[in-house]
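Each remark here refers to the structure printed beneath this line.
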Amino acid sequence: MKSGKLPAIVVVAYNRPAALARILKTIAQAEYGHYQDIPLVISIDKSDRTDVSTVAHEFNWTYGSKRVIERPKNLGLRNHVIACGDLTYEYGALILLEDDLLVSPEYYKYTVKALLFYASQPKISGISLYSYDFNEYAESRFSPIEDGFDNYFIQTASSWGQAWTAEQWQGFRTWYEDHSAFDGQCDRLPQKLLEWPERSWKKFFIKYMILNDKYFVYPRISLSTNSGVNGANHTGSLNYQVSLQLGSKDYAFSQIENALAIYDSHYELDACSLKQLNSELRDIDFECDLYGTKSVDNVKATHLISIKDCDRPVASYELSLVPQELNIAFGLSGSFFTLGKVGDFTSVNDRKQVLQLQCLHKNLGWKRYVLILKEIITNAILRALHK
């Protein structure tokens, strides 16, 4: 981040005037403390909606300069985000917010502190404002272990509020110049990521991170949330709405070298972290596959700890604690997760998957969902009969 320059706020907009008005409102209502002269850029991809431009131009920004960029032709989401990322060269650093987001009042102060703390750390490729509580590949709850710091690390990019310095963006941009045609030639890529559309910039960034051993920094408490409206890459969903930090706090950030909460591209805890927590594992070369989303053929370690069935287990652990890594950290013997040689694993059985969902989601809602569904169907039938 350039000395003395504050990161620009860049809002990515397309054809949703109501969504743009909403995120701009939360940006205007945020706390900026003593920060002044904050640049705001609203970048609008070409569409047939003129009212998006009207919302952007009429918005009153009192904390610095405002700039509206109206793209003369439609770029598509991937190229639009990359074009906005290139603004880091002009501003030194930026916060990128797509128009389907909402931000915490503390989002800007958090991001400035995080950018300054991690600016010179070569393993960090970006700062997330968003905090995951959902594994998007396993479609299940994700809870990072608590290691005493206000952040954790995942080898996956954030797309619901993220920040880059010019140096961090340049690393990706240089790589992208030779890899703008996506291929799946990377063993560490999650299978579901390969199914994402080509308009996703995030799949490219994740591949860059995996190949170059880089991580995104995530906050424990989210500073942004997805609003759940329909977008270019997903239909409206409540799965990605998270609680927002509302009060101010002094952040205790960790260096990646002294952190425990480090996760790979499948949201699996790094083996080195588990070795520090469970001394019985220190001499074993292994990876985690607790969600069961990894292909055994792509695992590089000799051993695996997995939900998958194993023909010749070396050790087995129960599933009674959340986060689920704690069962292995405490060495709780059981018959759920198995440690064994990679070649001895087969597949995940349905019973285990159901039990895992019940545990991670605290068995909430199964009976209630059935009752609600029954009530909805009954009411629909009664309305139809009444008509």
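Of the strands (runs of 3 or more DSSP E) contained entirely in segment 1-74, those carrying at least 1 residues that are in the same structural domain as Leu246 (by TED's automatic domain parsing) and in contact with a Leu (Cβ under 6 Å, 6 or more places away or on another chain) fall at 8-13, 66-70. Restricting attention to segment 328-335, does a residue exist that is surrounded by 11 or more Cβ atoms within 10 Å (Cβ to Cβ), under 21 Å from Ser279 (Cβ atoms), without any contact (Cβ under 8 Å) to a residue 40 or more places away in the chain and not hydroxyl-bearing (Ser, Thr, Tyr)? Yes. State whether the residues of segment 53-72 include one that is under 22 Å from Ser158 (Cβ atoms), touching a Ser or Thr at 6+ places or on another chain (Cβ under 8 Å) and surrounded by 15 or more Cβ atoms within 10 Å (Cβ to Cβ). For segment 53-72, residues under 22 Å from Ser158 (Cβ atoms), touching a Ser or Thr at 6+ places or on another chain (Cβ under 8 Å) and surrounded by 15 or more Cβ atoms within 10 Å (Cβ to Cβ): absent.
Restricting attention to segment 104-158, the residues that are surrounded by 20 or more Cβ atoms within 10 Å (Cβ to Cβ) and hydrophobic (A, V, I, L, M, F, W, C) total 10.
Of all the numbered requirements in (1) at pLDDT 95 or above; (2) out of contact with any helix residue (DSSP H, G or I) (no Cβ under 8 Å at 6 or more places or on another chain); (3) of a type outside the set (Phe, Trp, Tyr), Lys275 misses one, and that requirement is (2). Considering segment 257-291 alone, what residues qualify as being among the small types (Gly, Ala, Ser) and more than 25 Å from the chain's Cα centre (by Cα)? The one that is among the small types (Gly, Ala, Ser) and more than 25 Å from the chain's Cα centre (by Cα): Ser279. Inside segment 179-204, residues that are of a type in the set (Ser, Thr, Tyr) and at pLDDT 90 or above make up a count of 1.
Okay, residues lined up against (1) in the same structural domain as Gly171 (by TED's automatic domain parsing); (2) in a loop (DSSP other than H, G, I, E, B); (3) in contact with a helix residue (DSSP H, G or I) (Cβ under 7 Å, 6 or more places away or on another chain); (4) crowded, with 22+ Cβ neighbours inside 10 Å:
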position: Arg188; (1), (2), (3), (4): yes, yes, yes, no
position: Lys207; (1), (2), (3), (4): yes, no, no, yes
position: Asp213; (1), (2), (3), (4): yes, yes, no, no
position: Leu238; (1), (2), (3), (4): yes, yes, no, no
position: Glu257; (1), (2), (3), (4): yes, no, no, no
position: Cys288; (1), (2), (3), (4): no, no, yes, yes
position: Lys294; (1), (2), (3), (4): no, yes, no, yes
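The values are calculated or read from the model by the stated rules, or taken from the named source; none is laboratory data. Since we're looking at a predicted model, the values are computed, not measured. No Cβ is skipped: glycine too gets one built from the backbone with ideal geometry, and neighbour counts run over all protein chains shown.
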